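The structure appears below as structure tokens.
None of the figures in this text is laboratory data; all of them are computed from the coordinates on show. All values reported here derive from a predicted model rather than from experimental measurement. All Cβ positions, glycine included, derive from the backbone under ideal geometry; neighbour counts span all protein chains shown.
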Amino acid sequence: MKFDKSKVYTALNADELKVGSKVYLADNLADLRNQVEADRETTILSSISPDNHQCRFCFCEGVTGYALAYLVDEPEDGKLKWTDLKVGDVIRLEFVDHNTLTGCVIECMITEIDRQATQACHIRAGVSWLTDEALRDWKKVE
């Protein structure tokens, strides 16, 4: 992927970046550029530290943040993100079985959250791990 300076966020403009965005994170410009140009796996931005921190961009709680972020994709509004959930929440998937033309509803309780996952599977619902991408089709039961 071609490196675009306009997609780089620093401590100065960190508040303009949305939590849940798909990003590359690094502590220096050379490492950030290498990740982008090598098209490495992205991470989901889980939080932005207050402006009294030098390294404001975090991908999981309890881990030191990064100084720079490179925006790949903003989160889709209205779509469920793993950062919206906590253990004990219930989520629902509604779909139509095209073989029988009947509707189906699946509900699962969030049983585990892996905030340090480097892969795109942070949520365990019932007995299965859901990818961050698959989770977007589910809705939180209020």
Mean residue ellipticity (222 nm) of the chain, computed from DSSP H runs ≥ 4 via -39,500 (n - 2.57), nearest 500: -2000 deg cm²/dmol
Whole-number percent relative contact order across segment 5-81, with pairs defined as alpha carbons under 8 Å at least 6 apart: 41 percent
Relative contact order (percent, whole number), segment 30-142, Cα cutoff 8 Å, 6+ residue spacing: 21 percent
Selection from Ala125, Thr42, Asn52, by position along the positive dipole direction of the chain (Cβ): Asn52
Percent breakdown of C-alpha pair distances by 10 Å bin, ordered from the shortest bin, for segment 5-73: 23, 61, 15, 0
Which of Ala134, Leu25, Val105, positive extreme of dipole for the chain (C-beta unit charges): Leu25
Globularity ratio of the chain, using Cα Rg and 2.2 N^0.38 Å: 1.18
Whole-percent pair-distance distribution, where bins are 10 Å wide, for the alpha carbons of segment 82-141: 23, 51, 20, 6, 0
Residue order, fewest to most surrounding Cβ atoms within 10 angstrom, among Ser21, Ser6: Ser6, Ser21
